[in-house]
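One structure coming up, written as structure tokens, with questions to follow.
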Amino acid sequence: MPLKKPRLEQSPRRILTAHAGLALIGEAIAASRLDQAVKSMGSYRGTDHGRVLSTYLGLLTLGKSDFEAAEGVRKDPFFLSCMGLKRGLSAARLRQRMDASAMDYARALDQANLTFLQQAKVPVTPLSCGHVALDLDLFAQDNSGTHKEGVGYTYRGFDGYGVMPAYLGEEGWCLATELKPGSENSQNGFGFVLDRVLPAARSLTERPILMRLDSAHDALENRVRAQAEGIDFIIKWNPRQASAAEWLAHADGLEASKVKWEAPREGKRIATFSVDETRSWQGQEYTFRRVMRVVERTIDRKGQALVFPDLEVEGWWTSLELSDDDIIALYRGHATCEQFHSEFKTDMDLERLPSGKFDTNTLVMAAGTFVYNVLRWIGLQGLIGDDSPVRHPAKRRRIRTVFQELISLPAQLVHHARQVWLRFGAHCPSFAAFKRVFTQLQACASG
């Protein structure tokens, strides 16, 4: 007997949602004291600033960065209830208000972001050496084919923007995201980025900070600044015009106690050693240590002998008094930034920014930073414990996993006995984790 086909019907009164996790974001916004951050701005032509920012933060939580998405939730009672709004905003009004107060909004969100991290008492896991990692690394956003303000030719070979985020700890808490014109060198204005990031990092941990940077920031002023700030660093050396052959000859000439030679296979040998270099900066001399690694290959991995040796040289500036191998191993953790970058660009749909104005896109990234941290915290609190709907073990969860397991949950909004209830299905596997996270966020909001 053939199965009967379903018939369609729309309930006139029942309010359902496929994104019950918006309730978590609403509590996180309350915990961040966002209303206090924008209170000094007053109102603009009858539009409350908190209403504008809450609307956009809710849209980003749904994975929607475009302004037109506001029309889809403008009359959604569940969205409005979670965001604490009496009425929704049109897409045009949302765009206009964000354009008009972009930088003021961005500063308010930076303050709210730090307040949330403090109120939630986020865990900041140190490295094996006892330091807390502070990773800064530029990534490119592909906005080719557009005429947006600030779009330029990036180091990745396409037109777009550059974004400089700062991640703290093994969890990857994002302290700030600096939007830069695509053609601008990442070192330009780097001192101002540190002015924003270092006080925030110190407010979240009392442990010593280890700043890790790639070779784009191999500048003497960065090492001097780190020393003046009392923080340690590992910065990848930029070889520029250095000769690998000369460095190999230097390693061959060192005493056995000052260089470590390894031969992982036939035809390949590796030399690891340290050198001290003294340079002058603003009339004062500074001496810094650089760990060097030189690799010589006379036979490739397939066993083919090479006519000319293949030479490779790398280096890492550091202020740590650890072994050469430990320094190199600590820097490898800097590569985790690439995963965090991909979560911004793909999981949160912030690859192509929605506005043609540079300041507004700066605001979009500030909003994305706030939502990123909230979702990261939700993932740690709700998807790591024994009642987590995700079964495989992990130290942290991707933003996409948080979307799937705790944000995109079906539920019913019920008004009963002068109260509002959010009812989940009888077999919802994420209910226990959702309830625990929701209760913790309420405690943060009231604390």
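The values are calculated or read from the model by the stated rules, or taken from the named source; none is laboratory data. All values derive from a computational prediction rather than experimental measurement. Positions of Cβ are generated from backbone atoms using ideal geometry, with glycine treated the same way; all protein chains shown enter the neighbour counts. Quick note on the areas: whole protein, heavy atoms, side chains included, nothing else; ligands and nucleic acids left out. Shrake-Rupley method; radii C 1.70, N 1.55, O 1.52, S 1.80 Å.
Please enumerate the residues belonging to region 282-319 that are among the basic types (Lys, Arg) and either closer than 21 Å to residue 243 by Cα or in contact with a Pro (Cβ under 6 Å, 6 or more places away or on another chain) (or both).
At the first step, the residues of region 282-319 found to be among the basic types (Lys, Arg) are 289-290, 293, 297, 301-302.
Hits for region 282-319 are 289, 290, 293, 297.
Also, quick follow-up: Give me the residue from region 270-282 that is surrounded by 10 or more Cβ atoms within 10 Å (Cβ to Cβ) and modelled with pLDDT under 95 and, out of that set, farthest from residue 294 (Cα to Cα).
As a first pass, look at region 270-282 and keep what is surrounded by 10 or more Cβ atoms within 10 Å (Cβ to Cβ): 270-275, 277, 279, 281.
Applying the additional criterion that residues be modelled with pLDDT under 95 yields 277, 279, 281.
On the way: 277: 18, 279: 23, 281: 28 Å.
Among those residues, the one meeting the criterion is 281.
I would also like to ask the following. Go over the candidates 30, 92 one by one and state the one that is surrounded by fewer than 14 Cβ atoms within 10 Å (Cβ to Cβ) and either in a helix (DSSP H, G or I) or under 24 Å from the mean Cα position of the chain (by Cα) (or both).
Residue meeting the stated conditions: 92.
Follow-up question, since we're still on this one. Where residues in region 18-27 are outside any helix (DSSP H, G or I) and hydrophobic (A, V, I, L, M, F, W, C), which of them is surrounded by the most Cβ atoms within 10 Å (Cβ to Cβ)?
The selected residue is 20.
Same structure again: May I ask you to list the residues in region 388-415 that are of a type outside the set (Ser, Thr, Tyr) and modelled with pLDDT under 80? Before you say what the answer is, go through the steps one by one.
In the first step, residues of region 388-415 are kept if they are of a type outside the set (Ser, Thr, Tyr); the result is 389-400, 402-407, 409-415.
If the condition is that a residue be of a type outside the set (Ser, Thr, Tyr) and modelled with pLDDT under 80, then 389, 390, 391, 392, 393, 394, 395 are the ones that fit.
Here are some conditions: (1) touching a helix residue (DSSP H, G or I) at 6+ places or on another chain (Cβ under 7 Å); (2) closer than 27 Å to residue 132 by Cβ; (3) acidic (Asp, Glu). Residue 218 meets all but one. Which one does it not meet?
Of (1) touching a helix residue (DSSP H, G or I) at 6+ places or on another chain (Cβ under 7 Å); (2) closer than 27 Å to residue 132 by Cβ; (3) acidic (Asp, Glu), only one is false for residue 218: (1).
Under 8 Å between Cβ atoms, at least 6 apart or on separate chains: pull out the pairs that start in region 95-120 with a residue that is more than 15 Å from residue 50 (Cβ to Cβ) and among the acidic types (Asp, Glu) and end on any residue that is open to solvent by 30 Å² or more (accessible area, probe 1.4 Å) and not in a helix (DSSP H, G or I).
99/357
As an exercise: evaluate residue 335 against (1) surrounded by 14 or more Cβ atoms within 10 Å (Cβ to Cβ); (2) closer than 28 Å to residue 235 by Cβ; (3) among the small types (Gly, Ala, Ser) and give the number of the one condition it does not meet.
Checking residue 335 against (1) surrounded by 14 or more Cβ atoms within 10 Å (Cβ to Cβ); (2) closer than 28 Å to residue 235 by Cβ; (3) among the small types (Gly, Ala, Ser), the one that fails is (1).
Now, a different point. Please verify whether residue 362 is touching a residue at least 12 places away in the same chain (Cβ under 8 Å), under 30 Å from residue 152 (Cα atoms), of a type in the set (Ser, Thr, Tyr) and touching a Leu at 6+ places or on another chain (Cβ under 6 Å), treating the condition exactly as stated. Let's see the steps before the verdict.
On the way: touching a residue at least 12 places away in the same chain (Cβ under 8 Å): yes; under 30 Å from residue 152 (Cα atoms): yes; of a type in the set (Ser, Thr, Tyr): yes; touching a Leu at 6+ places or on another chain (Cβ under 6 Å): yes.
Judged against the criteria, residue 362 is a match.
Looking only at region 343-376, how many residues end up being of a type in the set (Ser, Thr, Tyr) and open to solvent by 30 Å² or more (accessible area, probe 1.4 Å)?
Looking only at that region, the number is 1.
Residues in region 123-162 that are touching a Phe, Trp or Tyr at 6+ places or on another chain (Cβ under 7 Å), without any contact (Cβ under 8 Å) to a residue 40 or more places away in the chain and crowded, with 21+ Cβ neighbours inside 10 Å: how many?
Within region 123-162, residues that are touching a Phe, Trp or Tyr at 6+ places or on another chain (Cβ under 7 Å), without any contact (Cβ under 8 Å) to a residue 40 or more places away in the chain and crowded, with 21+ Cβ neighbours inside 10 Å number 1.
Which condition number in (1) assigned to a helix (DSSP H, G or I); (2) open to solvent by 30 Å² or more (accessible area, probe 1.4 Å); (3) touching a strand residue (DSSP E or B) at 6+ places or on another chain (Cβ under 9 Å); (4) not basic (Lys, Arg) is the one that residue 412 fails?
(1)
Can you name the condition, by its number, that residue 60 falls short on among (1) within 19 Å of residue 359 (Cβ to Cβ); (2) open to solvent by less than 10 Å² (accessible area, probe 1.4 Å); (3) part of a loop (DSSP other than H, G, I, E, B); (4) hydrophobic (A, V, I, L, M, F, W, C)?
Condition not satisfied by residue 60: (3).
Still on this model: Does region 299-318 contain at least one residue that is under 30 Å from residue 143 (Cβ atoms), open to solvent by less than 10 Å² (accessible area, probe 1.4 Å) and among the small types (Gly, Ala, Ser)? Before you say what the answer is, go through the steps one by one.
The initial filter retains those residues of region 299-318 that are under 30 Å from residue 143 (Cβ atoms), namely none.
No, region 299-318 contains no residue that is under 30 Å from residue 143 (Cβ atoms), open to solvent by less than 10 Å² (accessible area, probe 1.4 Å) and among the small types (Gly, Ala, Ser).
If the requirement is being touching a residue at least 60 places away in the same chain (Cβ under 8 Å), open to solvent by less than 20 Å² (accessible area, probe 1.4 Å) and not hydrophobic (A, V, I, L, M, F, W, C), which of these qualifies: 208, 181, 165?
165
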